[in-house]
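Input: a single structure, listed below in structure tokens.
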Amino acid sequence: MQVCGVCAEQVPKYRCPTCRVRYCSLLCYKKHKDGCVPELPAPPSAPLSWTQNSDWAVEDFLDEDSESDRVPLQRLKQLGESEELKALLRNPHLRRLLLTVDRAESKADIMKTAMQEPLFVEFADQCLKIVEPLENEDTMD
């Protein structure tokens with residue numbers, strides 16, 4: 001189990017967007033922000049891969065109430081292997097949209113806006129086809 005990177009006492013619920021240190025509360029964030037050092041970006045030649053050497057764990061995304069939303073690791077890996085998704089992600093407009101969503105404070109509001117963009121909807125649909133395939137699609141493969 002991970003602990004807060006500031007107080008080392010509680011389970012962290014948050015991650016600093018600047019340096020990615022994990023913290024548990026507003027108090028810890030306030031203590032941390034004064035000495036925060038930005039994380040260096042990966043060299044441009046290094047491929048991005050969230051499935052390998054990632055600082056994230058399943059616990060970062062799910063709590064006990066959302067356990068039913070857990071996607072099997074194999075399905076998540078299929079996202080990274082999908083040629084259709086890779087083709088979509090070559091589009092600079094989609095990449096900017098995804099960065100905007102990722103950086104937004106209010107994820108629900110920005111998702112409503114993003115879902116008005118046909119390209120984003122196509123991306124979301126392609127992701128869902130992989131992580132939640134229809135039963136007849138499973139039997140056809």
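The values are calculated or read from the model by the stated rules, or taken from the named source; none is laboratory data. Please read all numbers here as calculations on a predicted model, not as lab measurements. FYI the Cβ positions are ideal-geometry reconstructions off the backbone, even for glycines, and counts take in every protein chain you see. These area figures cover heavy atoms from the full protein model, side chains too; ligands, DNA and RNA do not enter into them. Shrake-Rupley method; radii C 1.70, N 1.55, O 1.52, S 1.80 Å.
Within the range 63-91, residues that are within 28 Å of Tyr14 (Cα to Cα) and in a helix (DSSP H, G or I) reach partners that are open to solvent by 50 Å² or more (accessible area, probe 1.4 Å) and at pLDDT 85 or above with beta carbons closer than 8 Å, at six or more positions or on different chains, in the pairs Leu89/Arg95. Please go through the range 105-138 and pick out each residue that is in contact with a Ser or Thr (Cβ under 9 Å, 6 or more places away or on another chain) and either polar (S, T, N, Q) or in a loop (DSSP other than H, G, I, E, B) (or both). Within the range 105-138, Thr113, Gln126 qualify.
Mind checking which residues of the range 33-50 are surrounded by 11 or more Cβ atoms within 10 Å (Cβ to Cβ) and either modelled with pLDDT of 85 or more or assigned to a loop (DSSP other than H, G, I, E, B) (or both)? Across the range 33-50, the qualifying residues are Cys36, Glu39, Trp50. Per the listing Asp65, Asp69, Asp60, the residue uniquely modelled with pLDDT under 90 and open to solvent by less than 70 Å² (accessible area, probe 1.4 Å) is Asp60. Listed by first and then second residue, the pairs with beta-carbon distance under 8 Å, at least 6 apart or on different chains, first residue in the range 11-40 and within 23 Å of Thr100 (Cα to Cα) and among the charged types (D, E, K, R), second open to solvent by 100 Å² or more (accessible area, probe 1.4 Å) and not in a loop (DSSP other than H, G, I, E, B), are Arg22/Tyr14.
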